[in-house]
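Okay, so here's the structure we're looking at.
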Amino acid sequence: MKSSPLYGRNCPPQGGQLDSRRLAASRMVCLFAACLLAAQAAWAAPDYSPDALLRAHLWRDLISRPVSRRPKVGLVLSAGSTRATAHVGVLQILEQAGFPIDAVAGTSMGAVIGAMYAAGRPVKRLWEVAANLNLASGSNMNSFRLIELMLADKLLSSDNAERFTRSEIGGLRFDQLPIPFACVAMDIYTGEAILFHEGDVATAVRASMNLPGVFKPVEYRQRYLVDGGVVDYIPIDAARSLGAEWVLASITESDYHSARPTSVLGMLEQVIDIRGAVLSREQRQRAQFLIEPPVGDIGIYETGRVPEAMAKGVIAANKALKPAMENLLLFSLEALARDWGTAPAAAPSGGRP
Amino acid sequence: MSRVPAALLGALLAAAVPARAQWNSGLETIKLLQKQFNQGRYNEVIAQLDSASLLKLRDENLRVGYVLLGASYEKTGQLDQSLSFYQVGVRLFPRDKDLLARLAALLHQAGLEEQAQPLFEKLVLIDPHNAQGHLGLAQIDRALGFLDRSSVHYEKTLETWPERGDIWQEYGEELGEARDYRTAELALRRALALAPEKTDIILDLALVLRAMGRTDEALTELAEPVRSGRPGALRARALWLLEEGRGEESKAAVEALSSVAPKDPVALYVRARLELKAGRLAQAQGFLRQAAAASPEASFTARVCAALAAWAGRQR
């Protein structure tokens, strides 16, 4: 057995017999290791700084209020196919922290995740769903269909996407969702961005994630709809249309500068990504806060990297959480202060301590 | 016994004698070095265990040699050297829990979580009950935001080290971040029972109780730190009383805070809030301006107070 200095009084003899000399050596190492360990596990000092206390104080005030007495918070989930599963990680952190979310808008994969969240599906479930994502999810893709697509120009069907959404949230209409939600698709014949905020949610989600060039356009009210990522990669306006005053956007753009596509589908993805990035430059300016998980190198078909994308979402959002809270508080100050002259800002509980 | 096997046996025995002697001499060296280490004579350990001496050691002695050398460099603040020797040690003894734990802890302390994490994972793979591995993973997961996973690792750590108050405290804080306040309270009370002299645990407990809305209990917990004049506790008391609408008590708390920290921005903020409540906008604005000026530039407190001062000015 090897001596285990780091375990201090807990160094148990594990397997094999020690001769007396080795035991003596081990004990001595244990002694100095205990000192080292004590140095490593320093007693933490809780944060009672003015910033920490004031942040917690204002946060309790903010989240204890009905939305009519504070700014309405909108969450925007960008397009990004496999990369956009990072939104699940972002949602996990926001929910963990008790961040208020009063409206959700999404495009493409952002619409799928946003619809499920707005319908009240737990983040844990979103995590499970995303973890099981594969190329055939949301489509009728198989080897035969892929050959058909390549050789006979026969587009795939995204029926499965609608079926999947319906299996998760049922036949809910937009007005039945617990959190107001909107998503965006594009009319392939007019180039218009089509904003969905009424009617059947599953159909709208399918249209929003209907990748052009791969899936047949979705026919809906005399329009032929494809993925909204082409015209509205980061649907800030959709969130505004739901009344959001302070908008947090989770963005999962591609790093197309480093991508060198070699296939037809890869090229198509690259074009959509570049177009999306160009369009989103202005949209970024209109959000109050951005969280950008570093998932730019994950390709549209790399579903094996979904766990990595979600983990990156968690890490990025966790890092951004405090600044996001402070940003929202500063934005909300006037709304909060309006009540301070008349009533105590008592808040029962909630938020991080 | 025929001649050939006897000769072979003789040769083997003859070869073993110097090897045994060398091992014994190595053990003596290690014993001496450990004694020096325990006496804090780290530079002597380093001087004696230069690479040439290290190479003379074998097996367990060599392993302990790497530990001693790495730890001595660590103790003398030469962390890069320490890192190098731990790395070589881990390469030579890839399944050694001690060296793995030391290398991982050093990387973790340096904030190199991506390098530390796989080493801690390897530790718990080799030994599923390895407390050091679980503690490292708990801390890394907590820092990255994976609070569920972090809780599991803290629990595993505490199975091995149930008497470690510092880890119960960390676990309680982590549960507080995850808003599992009830369990956080239990963990912190356990930490306090193990280390009643640690005021920081009381401060943690007060934060958790306040987050649960049990303000009176939180204030009771703060009583001792308040009595000993800790500015943080005095600040929290003033703010929490304000939140509860207990204006007079809040005012008294501010007086106490100001006597310890005359320009404390939170004291000035609370004064401003009390003036706002009384409808005295000009006075409120004055206090808010002072609070902004008293806070580090661009800090959250400075920005909040400056924005509120501007707002109060517009309301006048």
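The values are calculated or read from the model by the stated rules, or taken from the named source; none is laboratory data. A quick note: this is a predicted structure, and the numbers were derived from the prediction, not measured. Cβ placement follows ideal geometry from the backbone for every residue including glycine, while neighbour counts extend to all protein chains displayed. Side chains included, ligands, DNA and RNA excluded: accessible areas come from the protein's heavy atoms. Shrake-Rupley method; radii C 1.70, N 1.55, O 1.52, S 1.80 Å.
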Net charge, A:ASP175 excluded, C-beta distance under 12 Å - Lys, Arg +1, Asp, Glu -1: -1
For A:PHE181, residues with placed amide H under 5 Å, excluding near neighbours: A:VAL104
Magnitude of the charge dipole, region B:26-101, Cβ model with Lys/Arg +1 and Asp/Glu -1, debye to 20: 120 debye
Which of A:LYS216, B:LYS263 is most accessible, then next, and so on - probe 1.4 Å: B:LYS263, A:LYS216
Lysines whose Cα lies under 21 Å from that of B:LYS122, excluding same-chain neighbours fewer than 8 positions away: A:LYS2, B:LYS97, B:LYS156
Cut-off 9 Å between beta-carbons: net charge of the residues surrounding B:PHE287, Lys and Arg +1, Asp and Glu -1: +2
Residues of type lysines that A:LYS216 reaches as a straight line, Cα spacing below 25 Å, ignoring anything fewer than 8 places off in the same chain: A:LYS154
Vicinal HN-Hα couplings computed from phi for region B:207-216 (Karplus, 6.51 cos²θ - 1.76 cosθ + 1.60; Hz; Gly/Pro x): 4, 5, 5, 5, 5, 7, x, 8, 5, 4
Integer Hz, Karplus 6.51/-1.76/1.60 couplings in order for region A:311-326, x for Gly and Pro: 4, 5, x, 4, 5, 5, 5, 5, 5, 8, 4, 4, x, 5, 4, 5
Average beta carbon contacts from partner chains per residue of B:95-105, 10 Å cutoff: 4
Cα-projected label distance for A:ALA335 with A:SER49, points at 7 Å along beta-carbon direction, nm: 2.7 nm
Region A:76-91-region B:79-118 distance, computed between alpha-carbon centres (Å): 35 Å
Dipole of chain B [Lys/Arg +1, Asp/Glu -1 at C-beta], most positive-end residue of B:LEU241, B:GLY313, B:ILE126: B:GLY313
At R0 = 60 Å, FRET efficiency that the Cβ-Cβ distance of A:SER241 and B:LYS263 yields, to 0.05: 0.80
Sorted peptide list for A:231-244, B:268-281, criterion being average Cβ within 10 angstrom, highest first: A:231-244, B:268-281
Calculated [θ] (222 nm, deg cm²/dmol) that DSSP helices of n ≥ 4 give over chain B, each run adding -39,500 (n - 2.57): -26500 deg cm²/dmol
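With Cβ to Cβ distances under 13 Å as the rule, what net charge do the other residues near A:ILE274 carry (K, R +1; D, E -1)?
Value of the local net charge: -2.
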Dipole magnitude (debye, nearest 20) for region B:163-270, charges at Cβ of Lys, Arg, Asp, Glu: 240 debye
Dipole axis of region A:278-321 (+1 Lys, Arg; -1 Asp, Glu on Cβ), positive-most option in A:VAL306, A:GLN285, A:ASN318: A:GLN285
Size-normalised alpha-carbon gyration radius of region A:182-299, reference 2.2 N^0.38 Å: 1.08
Rough spin-label spacing in nm, given labels placed 7 Å along Cα→Cβ, for B:GLU155 and A:ASP159: 4.5 nm
